[in-house]
1. Could you compute the net charge surrounding residue 25? Neighbours are other residues with a C-beta less than 11 Å from the C-beta of residue 25; K and R count +1, D and E count -1.
2. Could you line up 55, 33, 48 from fewest to most neighbouring Cβ atoms inside 10 Å?
3. What fraction of the DSSP beta bridges in segment 1-105 is antiparallel, stated in percent and rounded to the nearest 5?
4. DSSP loop (so not H, G, I, E, B), at most 16 other Cβ within 10 Å: list which GluC sites (Glu not before Pro) in segment 1-105 pass both filters.
5. Determine the sum of side-chain charges near residue 80: Lys and Arg each +1, Asp and Glu each -1, restricted to other residues whose C-beta is under 15 angstrom from that of residue 80.
Amino acid sequence: MGGNRELAERFIATLEARDWTAWAGLLHPDVIYEIPQSRERIRGRDRYLQFNQEYPGDWHLRPKVTIADERHGVVWFEWRLDGRVDDAMAFFEFADGLITRVTDFWPEPYEPPAGREHLVERSLRASAGICAESQDMSRQGFVWLATRSGAHRNGAPRCA
């Protein structure tokens with residue numbers, strides 16, 4: 001089980017270090033990245049890499065808790081961007097030693113910044129700008145993280 005936990009930890013560490021080669025090496029070529037709060041989905045390692053390379057501002061990540069099993073994982077982390085500090089969570093799915101899906105949950109729903117339309121798909125199913133499942137997960141995520149002894153067994157909520 002330590003393998004996927006270490007994989008999730010390396011994901012955050014290489015992202016923080018902007019070690020793009022090492023970070024991309026952790027991802028399946030067809031990885032899916034989802035941000036339910038902004039209703040965005042990115043398909044593929046190259047687009048996900050470009051998304052992070054182009055993300056504006058001086059952002060930083062510090063992991064607090066990492067939990068993983070043979071198929072799923074979660075990292076609760078602190079993020080800093082231009083003086084703002086907050087908590088977020090990333091849920092992972094793993095297969096064959098690679099990350100196949102990442103779903104980030106940020107503190108609040110938001111409209112995505114301009115300039116990344118060429119990389120993302122917007123989800124049409126939303127209620128007041130966010131799907132009900134991700135809204136509930138965002139509120140309950142830290143309680144879930146504190147009470148679970150293993151990774152999320154049913155997968156992260158999906159907004160489609």
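No lab work stands behind these numbers, since they all come straight from the coordinates. This is a predicted model, so every value here is computed, not measured. Positions of Cβ are backbone-derived with ideal geometry, glycine not excepted, and every protein chain shown enters the neighbour counts.
1. Around residue 25, the charge tally is +1.
2. With the fewest neighbours first, 55, 33, 48 line up as 55, 48, 33.
3. 90 percent
4. Values: sites: 6, 9, 16, 34, 40, 54, 70, 78, 93; in loops: 70.
Here the GluC sites (Glu not before Pro) that fit, given the DSSP loop and packing criteria, are 70.
5. -2
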